[in-house]
Amino acid sequence: MRLTTEHTLGTLRAANVMRLDPARRGGDIDVLVPTEAPAFETSQRIATRFFSRCEEKIDVVVMNPARLTAEQTDFLARIRKARIA
């Protein structure tokens, strides 16, 4: 599945930013992307395009909201989420 730039950026805008330790600003950026698209390809495409535009590395975690494991559900319940607009 080939993602367009618009789809990738739209996915990134719809993603949630998470910071495991709010006191530690300036570290890497972690992005959670809820989508049914293939996880590995989506993660690589978003990280690569973000780097090409911003020259910053990000960690992208892709989860299919329709197929969450018990661990993923627990993880999502524990993190603090902030929507990217």
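Just a few scattered comments:
- In the range 33-68, the residues that are out of contact with any strand residue (DSSP E or B) (no Cβ under 9 Å at 6 or more places or on another chain) and among the β-branched types (V, I, T): T48
- Filtered residues of the range 43-79 (kept if of a type outside the set (A, V, I, L, M, F, W, C), within 14 Å of V33 (Cα to Cα) and within 14 Å of the chain's Cα centre (by Cα)): S43, Q44, R45, D59, N64, P65, Q72
- Residue ranges of strands (runs of 3 or more DSSP E) in the chain with at least 2 members modelled with pLDDT of 90 or more: 58-63
The values are calculated or read from the model by the stated rules, or taken from the named source; none is laboratory data. Remember, it's a predicted structure, so these values are computed and weren't measured experimentally. Glycine gets a Cβ as well: all are built from the backbone with ideal geometry, and neighbour counts include every protein chain shown.
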